[in-house]
Amino acid sequence: MKNSVCIARPLGLAIAVICAQGFALQAHAQTTNLGPVVITGSREPMPLSRLVGDISVIDAEQIRNSSADSVEDLLRRQGGVQLSRTGGPGQSASLLLRGNSASGTVVLIDGVRVGSATLGQTDLSSLSLAQIDRIEILRGPGSSLYGSDAMGGVVQIITKRGQGAPSFTAHAAVGGYGSHEVDAALDGTVGAFDFAASLSHEGSDGVSAVLPTDVFGRYNPDADGYKRTGASLRGGFTVAPGHRVGLSVLDNRLNSQFDSAEYNPPTFAADPSPDFRNRFNTRVVSADYRGAWSPQWVTSLQIATQRDSLESGGTTMSRYDTDRQQVTAQAAWTPIAGHQLLGAIENLEEKVTAAALAGVSKRHNNALVFGYTGKLDGHKLQADLRHDHNSASGNVDTGKIGWGYDLTPSLSVRAVAGTAFRAPSFNELYYPGYGVSTIRPERSRSIEVGANWTDGDTSAGITIYENHMRDLIGYEPDPAKCPTGYTFGCAANIDKAKLRGATINASHKIGAFALHATVDFLDAKEATTGTRLIRRAAHQESFGVDWNSGPLSLGATLLDVGGRPEGGRDLDAYQVLDLQARYKLDTHWQFEAKLLNATNRQYEPARDYQALGRQVWIGVRFDGFGG
């Protein structure tokens, strides 16, 4: 790992480039005649048609035209993605990708890992849709490319980057429950410079996050609202043809109310009256370089810092900070057309600041990555191998191999097998009275097969997968099975699990109508007892229809979520229907209207929590493009 040490503490950009000829995941994704170009599937920009895997892209137009109320709501309409949220928009939210826990998904913003190292997962509630240019989703084992936590896959959020003549966009809307949102963005290129800047603010009065029937005494009838602000700046300078240096800053802040309870002496009875709040900040700052030295060689480098800060509580506030320093370097070599070799080196330093974790607050991870992507006579091959050395959990090797074949110009098949892991979080290792420093990482082995068919404006696909997991980390309630001194149980490797499922998707355009559907089936169970894993629905479906004629566009989306076990009972299945309309007044102005949860469906997104009812939105959008 000498190269890792070299990268870990660079003396500057020049030294780091010489040390490892690196890679930064910052190339801007585009669309070509081979389909969308994505980064996440191989760590290098590559046409989606060249990759072997279950990968999808939510582009800027889809984000803009979606009726989703948040980033997490947008994602849960995709295949293989389920959502757990403690209430409506602005409340804590996490993704369950292919049935894995919220800790089993890596979330990146422009190549930078984000999330809480204490909890070991990413809360998306602070992020704003207004800042996002596109989202790439890699389903299935991703540890061979991205290391710990990518057991269910990887979600990469790519922010806006300047292209073409300068342009200005703005959007404002108001909705029910005292909701409002406003955002503005300026981007473009001037000579060798490119730039993109955005500001956004949104909020809502909301409803009580917890139901009156809550069994833990947390119900407070006051409305639990939120305010969210976001700012981003991304710029670059092309120093020579094929060589660009860039800098980006993203800062999002969320102030949200939630329901909970304090248990104070002398009675220790539940007291839900305090004004409980989460003050959440996600900040990402990165510098990057990308250079094409020849048609065969491309090198890149990224140096980034990320902070995830949460202040939470009622009468007394507790603070939890995660600070990451990340250096990623990579070189890609294309010896002959259609074949690419990749080598990467990565260093990640994590530090947490929390009163309960004052004793142990740092760890680091060094990694080496190798990859191959090739295409020959209709056959597609992809292989990845990664070695991670973590100062807390030791050495882990992961790999993935995939094969695909184009049976016809319209029909392709694929098969993928891989391994993945999740390192224990700081809480699971060190939290007093709970964490155990000898816990082993979770590990998984998975296989999948799939097929995709495209013919003009019609497409369909199916993926079938199975994932075997061992050394699952959870709560062990029996003190006798814990190290000496644990009175109320501890964190432990408690079980194995088997996740099996299928995702089917289809889309079709006929005249002015565009239809799309996704159907998911999931069988997620503990291996020992056969008990279903909590918060996982056995099925979930999303159906949509859009109609466009001249300046008028209409759309409807129906989300159907099956019953889910949680807290000793099954939560009821539910359906949410969203309607929307857009009218383009002229080249620059567009009026928009949405009716969310049109049937006023009352449901529990998590046990004893409630979502918003019917909500009307009215807004206006301005696009001012340069000449």
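The values are calculated or read from the model by the stated rules, or taken from the named source; none is laboratory data. Quantities reported herein were computed from a predicted structural model and do not represent experimental measurements. Because the Cβ atoms are built from the backbone with ideal geometry, glycine has one as well, and the counts that use them run over all protein chains shown. These area figures cover heavy atoms from the full protein model, side chains too; ligands, DNA and RNA do not enter into them. Shrake-Rupley method; radii C 1.70, N 1.55, O 1.52, S 1.80 Å.
The figures follow:
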item: Failed criterion for GLY142 (all others in (1) surrounded by fewer than 22 Cβ atoms within 10 Å (Cβ to Cβ); (2) under 22 Å from ARG77 (Cβ atoms) hold); result: (1)
item: Hits in segment 470-509 (condition: within 30 Å of LEU558 (Cβ to Cβ) and touching a Ser or Thr at 6+ places or on another chain (Cβ under 9 Å)); result: LEU499, GLY501, ALA502, THR503, ILE504, ASN505, ALA506, SER507, HIS508, LYS509
item: Flag if ALA170 is out of contact with any Lys or Arg (no Cβ under 6 Å at 6 or more places or on another chain), open to solvent by less than 40 Å² (accessible area, probe 1.4 Å) and in a helix (DSSP H, G or I); result: no
item: Some residue of segment 188-208 being over 23 Å from SER286 (Cβ atoms) and polar (S, T, N, Q); result: yes
item: Residue that is farthest from the chain's Cα centre (by Cα), among those in segment 478-498 that are of a type in the set (S, T, N, Q) and open to solvent by 90 Å² or more (accessible area, probe 1.4 Å); result: THR484
item: Sole exception among (1) in a loop (DSSP other than H, G, I, E, B); (2) under 30 Å from LEU612 (Cα atoms) for SER84, by number; result: (1)
item: Residues that are open to solvent by 30 Å² or more (accessible area, probe 1.4 Å) and either outside any strand (DSSP E or B) or without any contact (Cβ under 8 Å) to a residue 60 or more places away in the chain (or both), drawn from segment 199-220; result: LEU199, HIS201, ASP205, LEU211, PRO212, THR213, VAL215, PHE216, GLY217, ARG218, TYR219
item: Neighbours by Cβ (under 6 Å, 6+ apart or cross-chain): first from segment 294-319, closer than 20 Å to GLY111 by Cβ; second charged (D, E, K, R) and surrounded by 13 or more Cβ atoms within 10 Å (Cβ to Cβ); result: SER300/ARG290; GLN302/ASP288; GLN306/ARG324; ARG307/ARG283; ARG307/ASP323
item: Counted residues, segment 103-141 - those being outside any strand (DSSP E or B) and either charged (D, E, K, R) or more than 13 Å from the chain's Cα centre (by Cα) (or both); result: 10
item: Matching residues in segment 522-548 - criterion: being farther than 21 Å from LEU97 by Cβ and open to solvent by less than 60 Å² (accessible area, probe 1.4 Å); result: GLY530, VAL545, ASP546
item: Among the candidates VAL112, VAL190, residue that is among the hydrophobic types (A, V, I, L, M, F, W, C), buried (at least 24 other Cβ atoms within 10 Å of the Cβ) and farther than 19 Å from ARG76 by Cβ; result: VAL112
item: Which listed residue is free of Cβ contacts under 8 Å to residues at least 40 places away in the same chain and out of contact with any His (no Cβ under 6 Å at 6 or more places or on another chain), from ALA606, ALA573; result: ALA573
item: Matching entry among ARG98, ARG134 (being surrounded by fewer than 24 Cβ atoms within 10 Å (Cβ to Cβ), under 30 Å from ALA598 (Cα atoms) and not polar (S, T, N, Q)); result: ARG134
item: Breaking point among (1) over 23 Å from HIS339 (Cα atoms); (2) in contact with an Asp or Glu (Cβ under 6 Å, 6 or more places away or on another chain); (3) modelled with pLDDT of 95 or more, for HIS468; result: (2)
item: Search result, residues across segment 549-581 that are over 30 Å from PHE591 (Cα atoms) and under 24 Å from the mean Cα position of the chain (by Cα); result: VAL561, GLY562, GLY563, ARG564, PRO565, GLU566, TYR574
item: Residue list for segment 265-288, filter: in a strand (DSSP E or B) and more than 26 Å from the chain's Cα centre (by Cα); result: ALA270, ASP271
item: Boolean, ASN467 is within 30 Å of THR454 (Cβ to Cβ) and either open to solvent by less than 40 Å² (accessible area, probe 1.4 Å) or in contact (Cβ under 8 Å) with a residue 40 or more places away in the chain (or both); result: yes
item: Check on ILE473, open to solvent by 60 Å² or more (accessible area, probe 1.4 Å), among the β-branched types (Val, Ile, Thr) and either under 30 Å from ARG319 (Cβ atoms) or not in a loop (DSSP other than H, G, I, E, B) (or both); result: no
item: Test: residue in segment 244-264 that is open to solvent by less than 20 Å² (accessible area, probe 1.4 Å), in a strand (DSSP E or B) and touching a Phe, Trp or Tyr at 6+ places or on another chain (Cβ under 7 Å); result: yes
item: Meets criteria (surrounded by fewer than 17 Cβ atoms within 10 Å (Cβ to Cβ), among the hydrophobic types (A, V, I, L, M, F, W, C) and either within 17 Å of GLY313 (Cβ to Cβ) or touching a helix residue (DSSP H, G or I) at 6+ places or on another chain (Cβ under 9 Å) (or both)) for PHE280; result: no
item: Residue in segment 289-302 that is farther than 30 Å from LEU411 by Cβ, in contact with a strand residue (DSSP E or B) (Cβ under 6 Å, 6 or more places away or on another chain) and part of a loop (DSSP other than H, G, I, E, B) present; result: yes
item: Matching residues, segment 609-626, being charged (D, E, K, R) and closer than 16 Å to PRO89 by Cα; result: ARG614
